[in-house]
Amino acid sequence: MKALLMGAMAAALLATTAAHAQMKPEDMVEARKAGYQFMAWNMGKIKAQVIDGKEPFDQAKVAAAANAIAAIANSGMGALYSPETTTEQLGKATRLKPEFFQNLDKAGQIGRDFTVAANQLASVAADGDQAAIKKAFGDVGGSCKSCHDNFRAER
Ligand code: HEC
């Protein structure tokens, strides 16, 4: 009897754990927005130093920013995209177009290209060659834009 009860409790506990692993749609939206904002902040730092020359070039700072972007790109953000998290279900709380899930091949390709570009930026930032950083920065920015043009709704 006691063993049976323990078994039932363990099963109940497992069920709760599984429920917790499944994020709520609103939390997915919040987490992915935070990731994009944090990447944008770091892109801005690299832009100011390497593209606009508004701030003096500091290789360590550029490398730190590029590493932060690459870490987010490599973090598996795809897990924050589920079909219940588009403008169709959540309205103005998100800008993810439902088209994302009708074009998963394209979305996946854009996501993979973005990760490759982010890793390349981190790699050249570690070397500190400004011309190479400029090129890699442009490629990352192009990937951000490509995804937005396809799958992010206007405000
Ligand atoms: C795979 C597609 C994809 C890539 C790659 C991507 N974004 Fe986005 N981005 C989105 C989508 C979709 C949203 C809307 C998210 C939402 O509202 O739920 C978004 C939203 C944003 C936002 C607004 C966040 C907010 O608080 O509403 C910023 C800023 C942003 N992206 C910057 C970037 C930057 C910078 C990069 C590249 C370094 C990038 N994104 C790469 C798809 C992408």
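Mind scanning LYS24/LYS145; LYS33/LYS54; LYS106/LYS135; LYS24/LYS45; LYS24/LYS92 and naming the pairs with a C-alpha gap bigger than 21 Å?
LYS24/LYS145; LYS33/LYS54; LYS106/LYS135; LYS24/LYS45
What do you get for the angle between helix 25-46 and the principal long axis of the chain? Use alpha-carbon atoms, 0 to 90 degrees, nearest ten.
Here the helix axis deviates by roughly 20 degrees.
What whole number of Å gives the distance from the Cα centroid of the range 75-103 to the Cα centroid of the range 123-155?
Here the answer is 22 Å between Cα centres.
Hey, could you get me the Stokes-Einstein D for the range 74-155, Kirkwood radius over alpha-carbon pairs, 37 °C and 0.692 mPa s, rounded to whole µm² s⁻¹?
Translational D for this selection: 237 µm²/s.
So who's got an amide H within less than 5 Å of the one on LEU96, skipping anything under 5 residues away but keeping other chains? H placed 1.01 Å off N, in plane.
Excluding prolines and chain starts, which carry no amide H, the hits are THR87, ALA153.
Pull out the extension gain between GLU55 and HIS148, defined as 0.36 nm times the separation in residues minus the alpha carbon to alpha carbon distance; nm, one decimal.
30.7 nm
What does the net charge come to around VAL124 if you take all other residues with beta carbon closer than 13 Å to its beta carbon, with K and R at +1 and D and E at -1?
-1
What is the log10 of I(q)/I(0) for the chain, computed with the Debye formula using one identical point scatterer on each Cα and no solvent, at q = 0.19 Å⁻¹?
Each listed q maps to, in turn, -1.11.
Net charge around GLN49, counting only other residues with Cβ within less than 11 Å of its Cβ (Lys, Arg = +1; Asp, Glu = -1)?
Here the count lands on +2.
Among ALA63, ALA79, GLN109, which residue has its Cα furthest toward the positive end of the charge dipole of the chain, with +1 on Lys/Arg Cβ and -1 on Asp/Glu Cβ?
Positive-most Cα among the choices belongs to ALA79.
Compute the helix-to-body angle for 104-127: its Cα long axis versus the longest principal axis of the chain, expressed 0 to 90° and rounded to tens.
Relative to the chain, helix 104-127 is tipped by roughly 50 degrees.
Rule-based calculations on the coordinates, nothing more; no lab input. Since the structure is predicted, the reported quantities are computational estimates derived from the model, not experimental observations. Don't worry about glycine lacking a Cβ; one is built from the backbone with ideal geometry, like all the others, and counts go over all protein chains shown.
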